[in-house]
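Worksheet: one structure, shown below.
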Amino acid sequence: MIPFLEKLNYVPPVIKPYGKNGVVVYKDKDSRWHLIVDGVQMMLYTVGHEQALQFYSHYKLALGNVICTGLGFGVREQWLATKPEVMKITVLEQNKSVIDYHKDIGTQWSDKIEIINCDANEYKGNCDFLSIDHYERHDTTNIIDSIKNTEKNISCCFMWFWLLERWLDNRCIENNNKGYVYYQPWENNDLYQSYNKLKTFLGLKSLPKLSLKELTEFVDVYWNRI
């Protein structure tokens, strides 16, 4: 495991081969675990646990009552549960077959974690920290709409979403190398300005105020530049 993760009490997920009710989990020749749901790859997890680094920002920001959208392999949820400042984690997962996968392989969830089978785009509630990650292979417009709608329906002190560091670093909104949306001049490489322009462009009031140092750390860890 990456030493950086070991210092932060990271708990690697237990992943087992599976094939039932539209869910397929398998390890390829490069020892990468794939989660396929109804023919769509929802998650890829490598033996080096690099994917966990993409949730470092979520781990750092999480406290109190947390709502996570999207379950996947449970990488984010189990890690957040190790943090003393986190009291409860409510996970919203639309695909019951993904929840059943974890039941069938015997995943041992932290007592802090509660999993609800529902559509995160329609769920209404409140929390201290909202962690959004329930989209994959959608076009850019749908991803943006989903993030904005989730923040609107779930009252929170602050939030973060998967892909944010990627969009900040690229200085544009993109998904799977297509559907680009530019929210600031391409030639401007100011990460702090990029973050604040993105907040304004998306109208996401719950994104926290962060310093350039904090933003740089989040982006560098996301890309494993540590």
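The values are calculated or read from the model by the stated rules, or taken from the named source; none is laboratory data. Note that the coordinates shown come from a computational prediction; the quantities given were computed from them, not determined experimentally. Using ideal geometry, Cβ is built from the backbone for each residue, glycine included, and neighbour counts are taken over all protein chains shown.
Close Cβ contacts (under 8 Å, 6 or more residues apart or on different chains) running from residues in region 195-208 that are farther than 17 Å from Ser131 by Cβ to residues that are assigned to a helix (DSSP H, G or I) comprise Tyr195/Leu168; Tyr195/Leu215; Leu198/Leu164; Leu198/Trp167; Leu198/Leu168; Gly203/Lys148. Every residue in region 17-39 that is loosely packed, with under 14 Cβ neighbours inside 10 Å and among the basic types (Lys, Arg), please. Of everything in region 17-39, those that are loosely packed, with under 14 Cβ neighbours inside 10 Å and among the basic types (Lys, Arg) turn out to be Lys20, Lys29. Scanning region 157-195 for residues that are in a loop (DSSP other than H, G, I, E, B), at pLDDT 85 or above and of a type outside the set (D, E, K, R) yields Trp162, Leu163.
Where strands (runs of 3 or more DSSP E) sit wholly within region 48-153, those with at least 3 residues that are of a type in the set (A, V, I, L, M) and at negative phi occupy 86-93, 113-117.
If you check Phe55, Phe73 for being touching a strand residue (DSSP E or B) at 6+ places or on another chain (Cβ under 6 Å) and among the aromatic types (Phe, Trp, Tyr), only one passes: Phe73. Restricting region 56-82 to residues that are of a type in the set (S, T, N, Q) and over 9 Å from the mean Cα position of the chain (by Cα) leaves a set whose member that is surrounded by the fewest Cβ atoms within 10 Å (Cβ to Cβ) is Thr82. Looking at Tyr18, Tyr45, Tyr26, just one residue is among the hydroxyl-bearing types (Ser, Thr, Tyr), modelled with pLDDT of 95 or more and under 27 Å from Leu168 (Cα atoms), and that residue is Tyr45. Considered as a group, the residues in region 9-21 that are in a loop (DSSP other than H, G, I, E, B) and out of contact with any Phe, Trp or Tyr (no Cβ under 7 Å at 6 or more places or on another chain) include one that is farthest from Leu71 (Cα to Cα), and that residue is Asn9. Only residues that are crowded, with 17+ Cβ neighbours inside 10 Å, modelled with pLDDT of 95 or more and polar (S, T, N, Q) were counted in region 112-151, giving 2.
Regarding region 197-207, can at least one residue be identified that is among the hydroxyl-bearing types (Ser, Thr, Tyr), touching an Asp or Glu at 6+ places or on another chain (Cβ under 8 Å) and under 20 Å from Lys60 (Cα atoms)? Yes; the residues of region 197-207 include at least one that is among the hydroxyl-bearing types (Ser, Thr, Tyr), touching an Asp or Glu at 6+ places or on another chain (Cβ under 8 Å) and under 20 Å from Lys60 (Cα atoms).
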